[in-house]
Amino acid sequence: MSRFLARALRAAAAAALGLVCASSALAQAPAADSGAVVNADAITQYILAQAQRVNAGRVDVSVGQLDPRLRLAPCAQMEPFIPPGARLWGRGTIGIRCTAGASWSVSLPINVRVFGPALVTTVPLAIGSVPGPADVRVEEIELTREPGSPVLDLAQIANQALTRPLAPGQSLRAEMFRAAQVIAAGDPVRVRVAGGSFTVNGEGQALNNAAAGQPVRVRVDNGRVIMGTARADRSVEIRL
């Protein structure tokens, strides 16, 4: 019994010593905020300068904090850097590395917000609508909040119709539009046949729906079916 008790006491002592050593080592490891003080203002200015080089419009930058669980060696000098493939657009990270006193590299969360002009709806618009000047106005919006390409001028979406409904105050994006239908199956259409030195005009009936620039089949007066190209004025052009 005494030998068993002695072994148990030695084991307990060894375990206690191990805990003490581990606690001592942990206490000696520098905390992130004591060994690596990040200059948020300097990093913000660096990100702002880099973001303004690649993004048009007004840029706003906010910098987060290092993970408090990090244990970094004291650093006399550190510098920010943009990781390969990173884009300064919306929420992301930027790299921070120590260049004097230690050798480590960590990621810091950031949020880069980009603002610029875009057309915004002033009235509700239904699917299939073709917005006009009275339906929109130019406003500054946060470009990083929504995906897609903002529409700056109605000329960008001329003869194009919405593929989704929009409420007042929503921005127009190029991806929301497709070519508007100008001819429907069954419509009577004017047919213009153009050759090298002649032009012939006639009438016919469209056999399929088509947007401007798309192919359309037309049955002419003699019953023959010909293929042409739909135009914005609802006519069909055939070039020989």
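The values are calculated or read from the model by the stated rules, or taken from the named source; none is laboratory data. As the structure is a computational prediction, the values presented were derived from the model and not from experiment. Virtual Cβ from ideal backbone geometry, glycine too; neighbours counted across all protein chains shown. Accessible surface is based on the protein model in full, side chains and every heavy atom, while ligands, DNA and RNA are left aside. Shrake-Rupley method; radii C 1.70, N 1.55, O 1.52, S 1.80 Å.
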With assigned to a loop (DSSP other than H, G, I, E, B), more than 39 Å from the chain's Cα centre (by Cα) and of a type outside the set (Gly, Ala, Ser) as the only criterion, which of Asn222, Asn208, Asn201 stands out? Asn222
All-but-one check, Val54 against (1) closer than 30 Å to Leu162 by Cβ; (2) under 15 Å from the mean Cα position of the chain (by Cα), failing number (1)
Per the filter on the range 79-94, residues of a type in the set (Val, Ile, Thr) and open to solvent by 40 Å² or more (accessible area, probe 1.4 Å) are Ile82, Thr93
For the range 191-233: of the residues being among the acidic types (Asp, Glu) and farther than 23 Å from Ala161 by Cβ, which is most open to solvent (accessible area, probe 1.4 Å)? Asp221
Filtering the range 55-78 down to residues that are modelled with pLDDT of 85 or more and open to solvent by 70 Å² or more (accessible area, probe 1.4 Å), which residue is farthest from Ser107 (Cα to Cα)? Arg58
Residue check: is Ala15 out of contact with any Leu (no Cβ under 7 Å at 6 or more places or on another chain), at pLDDT below 60 and loosely packed, with under 11 Cβ neighbours inside 10 Å? yes
Give the residues of the range 36-49 that are surrounded by 18 or more Cβ atoms within 10 Å (Cβ to Cβ) and in a helix (DSSP H, G or I), sorted by residue number. Ile43, Tyr46, Ile47
State all residues of the range 225-240 that are in contact (Cβ under 8 Å) with a residue 40 or more places away in the chain, farther than 16 Å from Gly195 by Cβ and not in a loop (DSSP other than H, G, I, E, B); if no residue qualifies, say none. Ala230
Which one is nearest to Pro150 (Cα to Cα), of the residues in the range 95-116 that are surrounded by 13 or more Cβ atoms within 10 Å (Cβ to Cβ) and among the aliphatic types (A, V, I, L, M)? Val114
Only one of Leu166, Leu119, Leu143, Leu152 is surrounded by 12 or more Cβ atoms within 10 Å (Cβ to Cβ) and over 30 Å from Gly213 (Cα atoms); which? Leu143
Report the residue count in the range 176-190 for those that are open to solvent by less than 30 Å² (accessible area, probe 1.4 Å) and either polar (S, T, N, Q) or touching a residue at least 40 places away in the same chain (Cβ under 8 Å) (or both). 4
